[in-house]
Amino acid sequence: MAQTLRKSGESRAPVTGTAIAVRKKRSLILDIYSTAVGKKYVMAISGIAMMGFVFFHMLGNLKMYLGAAELDHYAEFLRSLLYPLAPKGAVLWILRGGLVAMLALHLHAAWSLTVLNRQARPVKYQSPRDYEVANFASRTMRYSGMTVLSFLIWHLLDLTFGVVNTVGTDSSFVREEVYANVVRSLDRWPVSVFYILANLLLGMHLRHGAWSIFQSLGWNNPRFNAWRWTFATGFALVVVIGNISFPIAVLAGIVKI
């Protein structure tokens with residue numbers, strides 16, 4: 001008998017020499033984020049968080065028109081959130097950290113979606129019109145987004161850390177003197193021009209982003225498109241008009257130390 005029977009308990013040799021790759025399991029969140037739909041959800045949620053920030057930031061800064069005492073008091077209120085339960089300034093820095101995290105997620109999701117779109121369409125558009133219609137919004141979002149990011153970095157160095165701010169009378173940056181710091185900064189016309197330009201681009205970014213949020217979340221219905229357009233345009237206009245009014249008021253001498 002040519003074939004021999006295996007003894008009881010004897011292990012069976014591999015049928016083939018092919019190795020079976022073991023796939024490392026990812027968490028559910030990372031698994032969802034790896035898809036285009038997941039990245040769009042992250043873009044939308046992080047975008048909503050940052051839209052809330054820019055709106056309330058603009059709203060709080062309007063206190064500048066009420067005078068130095070009002071704006072400085074508002075800044076002190078932000079630094080004293082949940083004090084004395086939490087150290088003074090701790091909650092504000094936690095909120096800033098959350099905002100940075102939202103920004104990082106937003107940038108990574110945008111970059112990842114761009115890569116996925118290029119991989120899905122390796123052939124360029126065949127006509128200039130198709131290219132313009134399909135890519136104008138996305139190209140504008142990238143350029144405006146990078147400009148706004150550059151402005152955000154400048155804004156932090158200028159009014160949060162005081163690295164590039166004109167110093168006070170004692171040649172030092174006083175963080176508590178928010179009103180005076182804002183006026184000294186925007187009184188420099190190159191800074192004001194950059195401020196206005198960045199906010200105009202921010203408005204374009206907000207307009208397209210606010211419109212796209214509903215589509216990214218699956219809330220896209222032709223019956224609501226007019227409402228979406230009104231909301232996106234109105235929100236962008238309110239933020240932009242409020243923000244660019246600050247450098248104009250300082251340069252015009254309406255707001256001064």
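Listed values, structure above:
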| quantity | calculated |
| --- | --- |
| Number of positions in segment 234-257 that are touching a helix residue (DSSP H, G or I) at 6+ places or on another chain (Cβ under 6 Å) and of a type in the set (S, T, N, Q) | 1 |
| Meets criteria (among the basic types (K, R) and in contact (Cβ under 8 Å) with a residue 60 or more places away in the chain) for R207 | no |
| Residue among Y65, Y125 that alone is at pLDDT 95 or above and more than 17 Å from the chain's Cα centre (by Cα) | Y65 |
| Any hit, segment 85-101, residues being under 29 Å from N117 (Cα atoms) and either in contact with a Leu (Cβ under 6 Å, 6 or more places away or on another chain) or surrounded by 15 or more Cβ atoms within 10 Å (Cβ to Cβ) (or both) | yes |
| Yes/no for S80 being surrounded by 13 or more Cβ atoms within 10 Å (Cβ to Cβ) and more than 30 Å from H205 (Cα to Cα) | yes |
| Check on I241, without any contact (Cβ under 8 Å) to a residue 12 or more places away in the chain, at negative phi and not small (G, A, S) | yes |
| Matching helices (runs of 4 or more DSSP H) fully within segment 147-257 where at least 1 residues are among the β-branched types (V, I, T) and under 28 Å from G38 (Cα atoms) | 189-216, 225-251 |
| Yes/no for V42 being closer than 27 Å to R184 by Cα, under 14 Å from the mean Cα position of the chain (by Cα), part of a helix (DSSP H, G or I) and not aromatic (F, W, Y) | no |
| Residue match in segment 131-146 (condition: on the phi < 0 side of the Ramachandran plot, modelled with pLDDT under 85 and touching a Gly at 6+ places or on another chain (Cβ under 8 Å)) | yes |
| Failed criterion for S216 (all others in (1) over 23 Å from the mean Cα position of the chain (by Cα); (2) surrounded by 17 or more Cβ atoms within 10 Å (Cβ to Cβ); (3) polar (S, T, N, Q) hold) | (1) |
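The values are calculated or read from the model by the stated rules, or taken from the named source; none is laboratory data. The structure displayed is predicted, hence computed values, not measured ones. Neighbour counts are summed over all protein chains in view; Cβ atoms, including those assigned to glycine, are modelled from backbone coordinates with ideal geometry.
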